[in-house]
Amino acid sequence: MGRSKPSRNSQARMTQPFPFSAIVGQDEMKLALILTAIDPTIGGVLVFGDRGTGKSTAVRALAALLPPIEVMEGCPYNSATASKDCPHCAEAKPTRQVSRPTPVIDLPLGATEDRVCGALDLERALTRGEKAFEPGLLAAANRGYLYIDEVNLLEDHIVDLLLDVAASGENVVEREGLSIRHAAKFVLVGSGNPEEGELRPQLLDRFGLSLEITTPTDIAQRVEVIRRRDAYETNTAAFLKRWRAQDTRLRKAIVAAVRRAKDASDDSFKIPQAVYEDCARLCVALGSDGLRGELTLLRAARALAFYEDAHEVTRDHLKRVAPMALRHRLRRDPLDEASSTTRVERAIAETFGD
């Protein structure tokens, strides 16, 4: 017997992710993803938690929520302009822009370095005798999201490579007589189950925001999760239509925040001196190493201020993003069995007198 064709509803599910606005709970995870969409320099998101808590659903839903990106036609690097710095555009010289959805690229655990970074195009080398570069996953993720499920199980040298590229925004490949350099600016999102292993502290520190997701215990919330997911799978088109207006409002809010971030000046937006001091005081109180904690805390608080159309960053903004910006930067304390979130909240209360 031949394989039956997928139904129209199943095809819709494959092409239309679950609406971001329809995700029940997980407010901190949704806020973290929104903040990285407003300011990608925050440094990506690490999500640790139970399976089946909507981690990958949220990433794909946000990418679908964002406006499409404009790229040069046929460019595998998602270049916005026909720049000579793009290997494809420098050779093909495209003249027309096309729209593409914001990319969300999955990086499988077994991916090799060649698959991630790109390598010699063997087909062209064998059939035409040409030495050409075959772009990898980093090229496809440029200007979008690179998602790694079970990031704590990924080989260390691949994680190091990804974090270095994410920090520099550029992928450099020099092997087999090739020397290629291309833009690779993406938001790195990693998820995993802490019971299956931890990331090394120096790698944890390189992620901008960190989240701890748990399975909801509230019966009403669990029922609502089941009800919405069942409605989505039963009649996808109707479910998407129901949540379209809320997703549209959220998209407009994110786009407006991005515009405010680009247009911000000393006259229209302020970061008071007291806020800089608050960042430093809180990180000192927590004993976080280096200054990456302060910088991430400030960037996340500023993105939140843009999102809420505030004219300056306040202590309230800092307090709201501090757990996600600092919980993974704490030193281990064998005498303190409190969770990292509790330790951050306790430091906030002690530092700011709340």
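The values are calculated or read from the model by the stated rules, or taken from the named source; none is laboratory data. Predicted model only: the values in this text are computed from it and were never measured. Note that we place each Cβ from the backbone using ideal geometry, even for glycine, and neighbour counts take in every protein chain shown. Note: accessible area is taken over every heavy atom of the protein model, side chains too, but ligands, DNA and RNA are not part of it. Shrake-Rupley method; radii C 1.70, N 1.55, O 1.52, S 1.80 Å.
Classification of the stretch 13-70 by its C-alpha gyration tensor yields an oblate form. The axis ratio a/c (a ≥ b ≥ c) is 1.5 or more, and b/c is at least a/b.
Three principal axis extents describe the C-alpha atoms of the stretch 108-260; from largest down they are 61, 37, 36 Å.
The rule of thumb for compact globular proteins, 2.2 N^0.38 Å, goes into the C-alpha radius of gyration of the stretch 49-91 1.74 times. With protein chains left intact and a 1.4 Å probe, residues in the stretch 224-315 average 59 Å² of accessible area per residue. Here the spin labels are modelled as points 7 Å beyond Cα on the Cα-Cβ line, and at Asp309 and Glu73 they lie 3.9 nm apart.
To the nearest ten degrees, helix 156-168 and the longest principal axis of the Cα atoms of the chain are 80 degrees apart. Checked against a 29 Å cut-off, the cross-linked pairs Lys270/Lys319; Lys185/Lys270; Lys30/Lys185; Lys30/Lys241; Lys84/Lys252; Lys262/Lys319 give Cα-Cα distances beyond that limit for Lys84/Lys252.
Restricting the calculation to alpha carbons of the stretch 273-352 gives Rg and Dmax of 12.3, 42 angstrom. Rounded to the nearest 20 debye, the dipole magnitude of the chain is 1640 debye, with +1 charges on Lys and Arg beta carbons, -1 on Asp and Glu beta carbons, and the Cα centre as origin. Roughly speaking, to the nearest percent, how much of the stretch 273-352's 1.4 Å accessible area is carbon and sulfur? On the stretch 273-352, the fraction of accessible area on carbon and sulfur atoms equals 49 percent. Take the Cα of Ala264, step 7 Å toward its Cβ, do the same at Lys93, and the gap between the two points is 4.1 nm. Between Lys84 and Thr112, full extension at 0.36 nm per residue minus the direct alpha carbon distance yields a gain of 7.3 nm.
Convex hull over the Cα atoms of the chain, averaged projected area in nm²?
Averaged projected area of the chain's Cα convex hull equals 22.8 nm².
What the Cβ-Cβ distance of Arg332 and Val255 gives, at R0 = 25 Å and to the nearest 0.05, is a FRET efficiency of 0.05.
Once the Cβ-Cβ distance between Arg200 and Ala238 is put in as r, and R0 is 35 Å, what FRET efficiency do you end up with, to the nearest 0.05? Please report the intermediate quantities before stating the final value.
Numbers: r = 46 Å, r/R0 = 1.32.
With a Förster radius of 35 Å, E is 0.15.
What is the local net charge at Ala90, summed over the other residues whose Cβ is closer than 13 Å to its Cβ (Lys, Arg +1; Asp, Glu -1)? Present the calculation step by step, with values, prior to reporting the outcome.
On the way: positive: Lys84, Lys93, Arg181; negative: Asp85, Glu91.
Local charge sum for Ala90: +1.
Each label point was placed 7 Å from the Cα along the Cα-to-Cβ direction; for Asp164 and Leu291 their separation is 2.4 nm.
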